[in-house]
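Have a look at the structure below before the remarks.
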Amino acid sequence: MNKLNSAENTISHLLQNCGQPKAVLFDLDGTLVDTADDLGAALNHVLQSHGLPLCSAEQYRPMASHGAKGLLELGFGPLLANYDFGPLRQQLLDYYALHVCVHSQIFPGGTELIAHLNQRKIPWGIVTNKPYRLAASMLKQLPALRQCAILLGGDSLAQRKPDPTPLLVACHQLKVPAAQCWYVGDAERDIAAGNRAGMTTVLAEFGYIGASDQPELWQAEIAIQSLADLIPAF
């Protein structure tokens, strides 16, 4: 059985046992939007300004879901201990804020899925650890995402993923019980947060999953290779 058939069968089984989901929430980077090249450009801007070797897409892509800290750890390696982390992080974020959506685009199948959700009047939103202002700026530049019903960033609340609180708050604002909402993400913290919130969790296998990650241990209920795989669920 191939992975797509497995996803189809799993979704069919969940629908039979739990009914159709009433809402869906997405992670942003590596799940709904492919942001790796813009994040990598911001990292390389910082590295170049300090006279350090640049990172290739092959290097930075698996780290693109891990925020400024993960990117800087990748680029600077052990040398990071010799720098004041705060100014480096701010330098990366300042550059990224000005170039937040140069190369970024919705992952294949995402535009079709969002259009389907909008047509069916299924509420959807985004819960990300990305700073809110950066996430909001990106959404303004991607017209297909402008009907997002709720956006929570990593600084919107005191808690952030893998804590389930942001997901529970989003469900509350959508007026949908967590048990009737699905959460789609590409990182272990996404699946952990969704599971702790009592939601159906969906692993985006096309996202920024590194060679050392073990997604088979994350306990996602569904694994998809394209966002379009979710259309039959709604």
Within the chain, what percent of beta bridges assigned by DSSP are antiparallel, to the nearest 5? 10
Alpha-carbon radius of gyration plus Dmax, which is the widest Cα pair, for the chain in Å: 17.6, 58
Within 10 Å, at most 13 other Cβ atoms, and a DSSP state outside H, G, I, E, B define an exposed site. Report the longest part of the chain free of exposed trypsin sites (Lys or Arg not before Pro). 1-120
Spin-label point model (7 Å from Cα, Cβ direction): what's the Arg146 to Tyr132 distance in nm? 2.2
Once you put a point 7 Å from the Cα of Gln173 and another 7 Å from the Cα of Arg120, both along the Cβ direction, what distance in nm separates them? 2.3
Angle check, please: helix 36-49 long axis (alpha carbons) against the longest principal axis of the chain (alpha carbons), in degrees 0 to 90, nearest 10. 10
Subset of Lys22/Lys130; Lys140/Lys161; Lys22/Lys69 violating a 32 Å alpha-carbon distance limit: Lys22/Lys69
Heads up, region 180-222 by the C-alpha gyration tensor (a ≥ b ≥ c square roots of eigenvalues; a/c under 1.5 rounded, else a/b over b/c prolate, else oblate) looks prolate
Among Phe26, Gln219, Pro177, the residue whose Cα sits farthest towards the positive end of the charge dipole of the chain (+1 at Cβ of Lys and Arg, -1 at Cβ of Asp and Glu, taken about the Cα centre) is Pro177
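Bear in mind these aren't lab numbers, they're just calculated from the coordinates by the rules spelled out. All figures in this text were calculated on a predicted structure; none of them were measured in a lab. Every residue, glycine as well, gets a Cβ built from its backbone with ideal geometry; the counts of neighbours run over all protein chains shown.
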